[in-house]
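Accompanying notes for the structure given below.
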Amino acid sequence: MISKPDEVLRNSKIFAVIGATRNRTKYGFEIFRVLTDYGYKIYAVNPNYNSIEEYPCYPSRAELPEKPDVVVTVVPPDVTETIIEEAHRLSIPTIWMPPGSVSAAAVQKCEDCRLEHVDEACVILAVKLQGRKGHERT
């Protein structure tokens, strides 16, 4: 079930960014930073880090202190496919697959698992547009 980015942003409070990174030049850092800057509750997930800036970083989705509303995948498409399976087992309702992390197989897995999904939409642009419309979270 495909979802519109603005609806996901408006109706979701807790995000997990899979592939968040400390490298400020990478998309995983930029997504993590814009979501935090716009007031969303964010969890970084990357087994390579204990923290990103002042935020704790978790080695897996299963180790998060609470269930996110949305998992944002900033990983290769084949990794995204395994994340979808785990999200389904953990009852995480929405997967956001930005450009570079989505595949036809990933979209099909979301459909098979009856998960909401956003495909090929830039999280950064969507958040900034949503904020401009007066929906910025504080």
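Every number here is computed from the coordinates shown, using simple stated rules; none is lab data. This structure is a prediction, so every number in the text was calculated from the model and none was measured. FYI the Cβ positions are ideal-geometry reconstructions off the backbone, even for glycines, and counts take in every protein chain you see.
The GluC sites (Glu not before Pro) of region 1-84 that DSSP puts in a loop, and whose beta carbon has at most 15 other beta carbons within 10 Å, are E53, E54, E66. With a cut-off of 10 Å between beta carbons, the residues surrounding P93 carry a summed charge of 0, where Lys and Arg count +1 and Asp and Glu -1.
The Cα trace of region 5-135 gives Rg and Dmax of 13.4, 37 Å, the first to one decimal, the second as a whole number. So, in Å, what gap is there between the alpha-carbon centers of region 59-129 and region 1-19? Their Cα centres are 9 Å away from one another. Close Lys pairs in the chain, defined as Cα atoms under 26 Å apart and 8 or more places apart or on different chains, number 21. Each of C110, C57, C122 has some number of other Cβ atoms within 10 Å of its Cβ, and from fewest to most they run C122, C57, C110. Local charge sum around N48 (other residues, Cβ-Cβ under 13 Å, Lys/Arg +1, Asp/Glu -1)? Once all neighbours under 13 Å are counted, the net charge is +2. Annotation for region 1-73: trypsin sites (Lys or Arg not before Pro) lying in DSSP loop with at most 15 further Cβ atoms inside 10 Å of their Cβ are K13, R24, K26.
Under a point-charge model restricted to the Cβ atoms of Lys and Arg (+1) and Asp and Glu (-1), what is the dipole moment magnitude of the chain relative to its Cα centre, in debye to the nearest 20?
On the way: 17 positive and 19 negative charges, 92 e Å.
Charge dipole, the chain, about its Cα centre: 440 debye, nearest 20.
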